[in-house]
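Some notes on the structure that comes next.
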Amino acid sequence: MAERLRICAALAFVAIASALPRASIAQPVTAAVSSPPGASAPAASTPIDRYRAALAALAPLKDMVFQYAESRTGPARTIVEEHRVYRRVDGAERNETIAVDGAQVVPAIVHLESAPAWPYDVRAFSVSAADYEVMPLGARVVDGKRAFGLSAVRTSNGDFAVTAIFLDEKRWLPLRETFDVSGGGCAGTGSIDFEPVGTAWLPASTKVSCAVGEGGPTFKESITFSEYSFPLALPSEIFGAQS
């Protein structure tokens with residue numbers, strides 16, 4: 001059951017990965033409206049224009065270390081894991097499982113991989129003009145913060161679609177995005193919250209609920225990110241290579 005829970009809960013996030021741009025999202029894209037990092041677009045622009053300009057103005061991701069707690073729930077069991085991640089700008093990643101269901105894992109279980117596009121980068125959830133039509137929802141509050149809401153309808157085909165975006169009214173970057181996912185025999189809905197960490201705009205939490213087949217069991221997954229830090233360099237030994 002534990003392995004089935006892991007596989008089924010992960011199915012919903014396969015659609016997110018498949019929706020990533022073909023080019024690396026670690027580099028900002030060119031915008032029609034030019035703004036310095038963290039600055040709002042001109043007052044005459046619409047909220048969606050401000051969002052796209054602010055997204056384009058974000059600096060590339062840096063080397064970083066962070067932790068996350070992951071909860072996966074199935075019909076009969078919930079599993080909670082804690083992880084520490086070392087991620088380099090070129091996509092090299094070391095993921096350490098440091099606790100399972102409250103029990104420390106010593107030594108940590110280490111998984112190494114290379115993924116140039118980080119699926120939780122805010123740019124991976126971009127609501128582009130080419131793929132979406134948007135409509136204003138007006139003022140909203142997200143976790144006590146003022147936001148401007150926009151509904152989104154995907155106009156191109158894909159297993160992942162943003163359904164709404166709630167923008168911080170100062171930086172015009174998303175505090176929350178909701179989405180639909182499908183594929184791999186699993187269909188469901190989810191959301192991801194973002195927050196400022198220094199000059200970066202990084203995920204705070206995400207959750208998804210996924211039904212396997214029509215009338216089948218529902219699996220839920222939630223992730224909470226924490227402890228972000230940005231070292232000047234991460235030694236190659238961390239990723240299994242000798243310097």
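Please treat every number below as a calculation from the coordinates, not as lab data. Being a predicted model, the structure only gives us computed values, none of them experimental. Glycine gets a Cβ as well: all are built from the backbone with ideal geometry, and neighbour counts include every protein chain shown.
When Rg is the radius of gyration of the Cα atoms in region 89-130 and Rh is its Kirkwood radius, what does Rg/Rh come to?
1.20
What does the net charge come to around Ser182 if you take all other residues with beta carbon closer than 14 Å to its beta carbon, with K and R at +1 and D and E at -1? Mind showing how you got there, number by number?
On the way: positive: Arg154; negative: Asp159, Asp180, Glu214.
Taking every other residue near Ser182 into account, the sum is -2.
What's the FRET efficiency of Thr199 with Arg77 using the Cβ-Cβ distance as r and R₀ = 35 Å, to the nearest 0.05?
It comes out at approximately 0.30.
Find out how many positive minus negative residues lie around Lys170, taking Lys and Arg as positive, Asp and Glu as negative, among other residues whose Cβ is under 10 Å from that of Lys170.
Value of the local net charge: +1.
Stretch Glu227-Thr189 to full length: gain in nm at 0.36 nm per residue minus the Cα-Cα span? Numbers along the way, then the final one.
Values: separation 38, 0.36 × 38 = 13.68 nm, distance 2.69 nm.
That pair, Glu227 and Thr189, stretches by 11.0 nm at full extension.
For Ala152, what is the net charge nearby, where nearby means another residue's Cβ is under 13 Å from its Cβ and Lys, Arg count +1, Asp, Glu -1?
-1
Remind me, what semi-axes does region 103-159 give for its equivalent ellipsoid, largest first in whole Å, using sqrt of 5 times each Cα gyration tensor eigenvalue?
34, 21, 9
Would you work out the Kirkwood radius for region 84-243? I mean one over the mean of 1/r across all pairs of different Cα atoms, in Å.
About 18.0 Å for region 84-243.
Points 7 angstrom from Cα along the Cβ direction at Thr46 and Val110: gap in nanometres?
Spacing of the two 7 Å Cα→Cβ label points: 5.1 nm.
Ala59 to Glu214: FRET efficiency via 1/(1 + (r/R0)^6), r the Cβ-Cβ distance, R0 45 Å, to the nearest 0.05?
0.50
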